[in-house]
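A short worksheet on the structure shown next.
The values are calculated or read from the model by the stated rules, or taken from the named source; none is laboratory data. The structure displayed is predicted, hence computed values, not measured ones. Ideal geometry is used to build each Cβ from the backbone, glycine not excepted, and the neighbour counts take in all protein chains shown. Areas reflect the complete protein model, heavy atoms only, side chains present, ligands, DNA and RNA absent. Shrake-Rupley method; radii C 1.70, N 1.55, O 1.52, S 1.80 Å.
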Amino acid sequence: MSEPAPLAFQTTPVHPLFGVEVLGCDLRRAGEPDLYAAIRQAFEVSSLLLFRDQHLNDEDHLAFAKLFGPIEDRSNIRMDGAARISGVSNETGDGGVMDEANLRLLDLQANMLWHTDSTFLPVPALANILQARVVPSEGGATEFASTRAGFNGLAPELQERLRSLSFHHRYSHSRARVDPELAKLKRFTMWPDTEWRAVWANPVTGEEALYIASHVFAVSGMQAEEGAALVDELIAAMTQPAAVYVHQWQPGDVLVWDERAVLHRGTPWPYEQPRTLVSVCVSAGEGDGLITMRPGLAA
Ligand code: OGA
Ligand code: MN
């Protein structure tokens with residue numbers, strides 16, 4: 001009998017319900033086959049991975065992200081022109097920071113609603129790989145909640161009901177909640193509405209998670225008000241304080257999270273201070289369970 005392969009790395013939980021910090025792993029080497037397989041398995045199981053002290057340049061960041069699937073072009077989504085790698089930043093590029101009325105800053109503030117990235121795209125995201133470059137002296141944490149743990153905590157009757165529901169998503173819906181002018185920008189209105197089933201079962205682990213976001217504007221078969229109340233109630237249930245992991249960024253931290261099973265939101269910081277995170281999203285493929293998420297398909 002052959003010896004079991006040694007573990008590629010050690011992990012330590014970041015929260016009792018989900019998420020691990022991966023220790024002793026240089027993401028520049030993540031393309032080595034056994035290492036990626038171990039990272040991917042941890043991603044499927046734990047939903048959120050933290051790697052500290054990485055300081056990836058754009059090229060390394062993109063190369064790591066590509067291991068998970070096709071890179072999503074966030075330049076259509078974000079309010080800056082950079083293709084593929086996307087700044088999540090209030091820096092203006094001339095050494096200054098944006099003033100509060102700036103629409104880009106309003107867009108960052110819309111990130112402070114609990115959301116899942118890219119549910120409004122024709123192909124939604126599997127993962128966001130987010131790295132901190134510049135962090136403020138206080139605030140600016142990113143908060144996460146597991147919608148797998150959250151779904152498991154719902155009453156069985158509600159779980160059963162959700163398995164047959166779907167949510168309608170629209171990018172401008174979440175922006176309108178912050179500022180009606182922001183919601184009119186073409187980048188928020190350009191996508192046709194999407195409809196995804198409310199529960200995403202992970203094809204590797206079989207675990208179900210609620211697939212919900214601030215972008216949900218309607219629930220299948222429900223009146224607008226009733227649907228909105230259900231969405232608010234569900235997001236509140238998923239994000240009770242004890243269920244939330246608060247990540248205080250250090251420069252060089254890389255977080256990878258499973259968009260199928262995690263809600264996240266930004267938090268405020270003193271806006272006279274710069275804060276720059278860089279994000280790469282990877283699109284979900286049919287094999288990631290997307291094939292089961294179109295409404296009308298049998299479970
Ligand atoms: C994102 C995001 C939150 C933050 O990059 O998708 O929501 O804290 N970021 O900047
Ligand atoms: Mn986001």
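Within the stretch 265-299, how many residues are among the aromatic types (Phe, Trp, Tyr) and within 17 Å of GLY95 (Cα to Cα)?
Summing the residues that are among the aromatic types (Phe, Trp, Tyr) and within 17 Å of GLY95 (Cα to Cα) in the stretch 265-299 gives 1.
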**Study point:** Residue pairs meeting the criteria (Cβ under 6 Å; at least 6 apart or on separate chains; first open to solvent by 10 Å² or more (accessible area, probe 1.4 Å), in the stretch 118-129; second of a type outside the set (D, E, K, R))
**Key:** VAL123/SER283
Check your understanding: When you look at LEU105, is it open to solvent by less than 10 Å² (accessible area, probe 1.4 Å) and over 25 Å from ASP60 (Cα atoms), yes or no?
Key -> yes
Check your understanding: Do you know which of the residues in the stretch 135-151 that are under 15 Å from the mean Cα position of the chain (by Cα) and not in a helix (DSSP H, G or I) is farthest from ligand 1 (Cβ to nearest atom)?
Key -> SER146
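When only residues in the stretch 135-161 that are touching a strand residue (DSSP E or B) at 6+ places or on another chain (Cβ under 7 Å) and not charged (D, E, K, R) count, which is farthest from ligand 2 (Cβ to nearest atom)?
Applying the filter and picking the extreme gives PHE151.
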Exercise for review: List every residue pair whose Cβ atoms lie under 7 Å apart, where the two residues are 6 or more positions apart in sequence or sit on different chains, the first residue falls within the stretch 253-273 and is among the aliphatic types (A, V, I, L, M), and the second residue, located anywhere, is part of a strand (DSSP E or B) and within 9 Å of ligand 1 (Cβ to nearest atom).
Suggested key: LEU255/LEU130; LEU255/HIS247; LEU263/HIS115
Point to revise | Of all residues in the stretch 259-277 being within 13 Å of ligand 2 (Cβ to nearest atom) and over 16 Å from ALA110 (Cβ atoms), the one that is surrounded by the fewest Cβ atoms within 10 Å (Cβ to Cβ) | key: VAL262
Check your understanding: Where residues in the stretch 203-215 are open to solvent by 10 Å² or more (accessible area, probe 1.4 Å) and of a type outside the set (Gly, Ala, Ser), which of them is farthest from ALA38 (Cα to Cα)?
Key -> GLU208
Check your understanding: Which residue out of GLY266, GLY289 is within 16 Å of ligand 1 (Cβ to nearest atom) and either in contact with a strand residue (DSSP E or B) (Cβ under 8 Å, 6 or more places away or on another chain) or at pLDDT below 95 (or both)?
Key -> GLY266
Check your understanding: All but one of (1) in contact (Cβ under 8 Å) with a residue 24 or more places away in the chain; (2) open to solvent by 10 Å² or more (accessible area, probe 1.4 Å); (3) within 30 Å of THR276 (Cβ to Cβ) hold for LYS186; which doesn't?
Key -> (1)
Review point. Among the residues of the stretch 233-254, is any of a type in the set (Gly, Ala, Ser) and within 21 Å of PRO124 (Cβ to Cβ)?
Key: no
Review point. Only one of these conditions is not met by ALA284: (1) of a type outside the set (Asp, Glu); (2) more than 30 Å from GLY139 (Cβ to Cβ); (3) away from ligand 1 (no atom under 16 Å from the Cβ). Which number is it?
Key: (3)
